[in-house]
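J.: If you scroll down you'll find the structure; I have some questions about it.
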Amino acid sequence: MRLGDDQVKGYLQDGYLFFPGIFAEEEIDALQAETRRMSAMDIPQRVLEEEGDLVRTIYGSHDISDLFGRLVRDPRALEPARQLLDGDVYVFQTKLNPKAPIRGDVWEWHQDFVYWSRDDGMPRPDVVNVAVFLDDVTEFNGPLFVIPGSHHSVLDEDTMTLREGWWSGRHAHTADGRHKLEREALARMVDRHGLVSVTGRRGSVCLFHPCLLHASPPNLAPYFRTMIFIRYCGVTNVLKPMSRPRPEWLACRRPLPVRPLDEPMLAVAAAAGSSTGRAPNGAMDH
């Protein structure tokens, strides 16, 4: 999928783009089945909601699942990131959020780059977020809220660090509350740029900038709202050394270029769940 000049201009201006119906129903069905399988795995990459019995997010799904590993190499997700970053990219992080009916909790307002700069030593915001909708996303089930144009302002001085990092407890590496944006700064951005709720059918894709202010409210509907966030980072945007680096499944420090699939994503569906000998992080192994 190649972006047109007007789409690139829109991304640079607003900080996000939305594309309905990019992935087919059978592809989404397969990714949903993999989501259910991984949600049942008791692994460090699986983070639970505060009550401790519902999955909040699964990190590193592209290294756990062959199918999600193929997703990050699918040109429909990969090529717009390569185009916007003008070169090779690696997968810095994947974050699968199966926001549960009624009890799926809020993700507070934040800029991703503030987290990655402070927690991982990321030098520049040379990242493109690719969010793939695995469920229909409505106004009721915890959609993505964005503030168009807010990516032009890095709000580092308006964001307070309130507690220790991922090493301090089971829930320490979730997005709620560690680095908290001051309410006055949020109000200033909303007054200047307004608010948008990004909704759409499953199979849709939203691209957004790592400095775009975004959040999502609780899921108050009786059905899931599942999204997979793929964070593609430019290969020259290498993380600086940290005294306490986060695990590789939270912040990849191996800038291996991702190579696009040369076949449909479901071409090896019959072998799903088995190893394909793929290198970590979706890089080609030959």
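The values are calculated or read from the model by the stated rules, or taken from the named source; none is laboratory data. All of these numbers come straight from a predicted model, not from anything done at the bench. Methodologically, a virtual Cβ is constructed for each residue, glycine included, from the backbone with ideal geometry; neighbour enumeration extends over all protein chains shown. All accessible areas refer to the heavy atoms of the entire protein, side chains included, with ligands and DNA or RNA removed. Shrake-Rupley method; radii C 1.70, N 1.55, O 1.52, S 1.80 Å.
J.: Being among the small types (G, A, S) and open to solvent by less than 10 Å² (accessible area, probe 1.4 Å) is the filter here; which residues of region 116-144 pass it? Talk me through it step by step, then tell me what you get.
T.: Of the residues in region 116-144, the ones among the small types (G, A, S) are 117, 121, 131, 142.
Once the filter is applied, which keeps residues that are among the small types (G, A, S) and open to solvent by less than 10 Å² (accessible area, probe 1.4 Å), region 116-144 yields G121, A131, G142.
J.: Something else now. Considering region 220-238 alone, what residues qualify as being open to solvent by less than 80 Å² (accessible area, probe 1.4 Å) and over 18 Å from the mean Cα position of the chain (by Cα)?
T.: Across region 220-238, the qualifying residues are A221, V238.
J.: Okay, next question. What pairs come up if the first residue lies in region 1-24 and is farther than 16 Å from V128 by Cβ, the second is at pLDDT 95 or above and surrounded by fewer than 17 Cβ atoms within 10 Å (Cβ to Cβ), and their beta carbons are under 7 Å apart, counting only those six or more places apart or on different chains?
T.: P20/R201; G21/R201
J.: I'd like to verify a number: residues in region 148-202 that are modelled with pLDDT of 95 or more, assigned to a loop (DSSP other than H, G, I, E, B) and either open to solvent by 40 Å² or more (accessible area, probe 1.4 Å) or in contact with a Phe, Trp or Tyr (Cβ under 8 Å, 6 or more places away or on another chain) (or both), how many?
T.: Here the count works out to 5.
J.: Taking the condition within 30 Å of V268 (Cα to Cα) and open to solvent by 20 Å² or more (accessible area, probe 1.4 Å), does F19 pass?
T.: Yes, satisfied.
J.: Still on this structure: Would you tally the residues in region 206-230 being of a type outside the set (G, A, S) and under 24 Å from S153 (Cα atoms)?
T.: Qualifying residue count, region 206-230: 12.
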